[in-house]
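Novice: What follows is a structure written as structure tokens; I'll ask about it next.
The values are calculated or read from the model by the stated rules, or taken from the named source; none is laboratory data. Here the structure is a predicted model, which is why all the values come from computation and not from measurement. Methodologically, a virtual Cβ is constructed for each residue, glycine included, from the backbone with ideal geometry; neighbour enumeration extends over all protein chains shown. Note: accessible area is taken over every heavy atom of the protein model, side chains too, but ligands, DNA and RNA are not part of it. Shrake-Rupley method; radii C 1.70, N 1.55, O 1.52, S 1.80 Å.
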Amino acid sequence: MLITRITRTIDGGSQFEAKEIELVDAGEIGRLSEAHAVTSVVFRENDPGYDFDWHCAPRRQFIVLLDGAIEVEVTSGEKRRFHGGDILLVEDTTGTGHRTRSVDGRSRRSLFIPFPDTS
């Protein structure tokens with residue numbers, strides 16, 4: 001399963017990377033990844049005009065988009081669009097961060113799934 005990772009660059013910027021989540025055959029129930037230790041699940045809804053300027057992720061976490069569409073920009077100027085069903089792994093918790101805005105004029109629902117703090 002391929003997901004998108006947003007990570008910090010050496011110079012404090014941000015970048016996109018592809019991350020493969022390995023799945024193994026679990027028989028009748030399908031293919032599963034290894035378990036990931038997480039701390040909670042946060043349910044979120046954004047208004048249609050959501051436009052959040054440069055910010056760092058508050059913690060290392062998965063973001064699962066349930067619906068709606070967003071555009072994320074990293075410091076190189078690269079922009080990518082994500083839609084319901086996409087999964088992001090945000091890890092740019094320091095530095096410049098990234099920008100996020102809604103692009104389809106609809107409310108957006110998502111899940112935030114934080115990892116335990118390792119500091």
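Novice: If I go through region 42-83 residue by residue, how many of them are under 19 Å from Gly95 (Cα atoms) and of a type in the set (Ser, Thr, Tyr)?
Specialist: 2
Novice: Hey, can you tell me all the residues within region 67-83 that are outside any strand (DSSP E or B) and surrounded by 15 or more Cβ atoms within 10 Å (Cβ to Cβ)?
Specialist: Gly68, Val74, Thr75
Novice: Right, next: Just give me the residues in region 85-110 being assigned to a loop (DSSP other than H, G, I, E, B), open to solvent by less than 40 Å² (accessible area, probe 1.4 Å) and closer than 22 Å to Val41 by Cβ, in sequence order.
Specialist: If the condition is that a residue be assigned to a loop (DSSP other than H, G, I, E, B), open to solvent by less than 40 Å² (accessible area, probe 1.4 Å) and closer than 22 Å to Val41 by Cβ, then Glu91, Asp92 are the ones that fit.
Novice: Let me ask something else. Check Ser14, Ser40 and return the single one that is touching a His at 6+ places or on another chain (Cβ under 7 Å), closer than 17 Å to Ala57 by Cα and open to solvent by less than 80 Å² (accessible area, probe 1.4 Å).
Specialist: After applying the criteria, what remains is Ser14.
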